[in-house]
Amino acid sequence: MAARAHTRPHTPVAGHSAVDIRLRWWAVALPALAFAVLLLLIAGPGEAHAATGDPTVADLLERIQQALSH
């Protein structure tokens, strides 16, 4: 026979809503940054260079891709 778990009744504090969730800045920024980097790596350094127009960004992405492939 399974034992029942005792739970406390949820009563919201005055002035607060029942759902009060706050994300930290990095909880949104890091996944977005990782997605962007992976998308650029998949596109390849040639396409990334044409898309950005900045050769330093393309060179950096190319070096990262070479480092990961070794």
| task | Kindly check whether there is at least one residue in segment 48-56 that is at pLDDT 70 or above and either within 18 Å of the chain's Cα centre (by Cα) or loosely packed, with under 11 Cβ neighbours inside 10 Å (or both). | result | yes
| segment 25-43 residues that are closer than 21 Å to Pro55 by Cα, paired with ones that are open to solvent by less than 100 Å² (accessible area, probe 1.4 Å) and assigned to a helix (DSSP H, G or I) (beta carbon under 6 Å, 6 or more apart) | Leu40/Ala48; Leu40/Leu61; Leu41/Gln65
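The values are calculated or read from the model by the stated rules, or taken from the named source; none is laboratory data. Quick caveat: nothing in here was measured; it's all calculated off a predicted structure. In this analysis, Cβ positions are derived from the backbone assuming ideal geometry, glycine residues included, and neighbour counts consider all displayed protein chains. We work out accessible area using only protein heavy atoms, side chains counted, and drop any ligands, DNA or RNA first. Shrake-Rupley method; radii C 1.70, N 1.55, O 1.52, S 1.80 Å.
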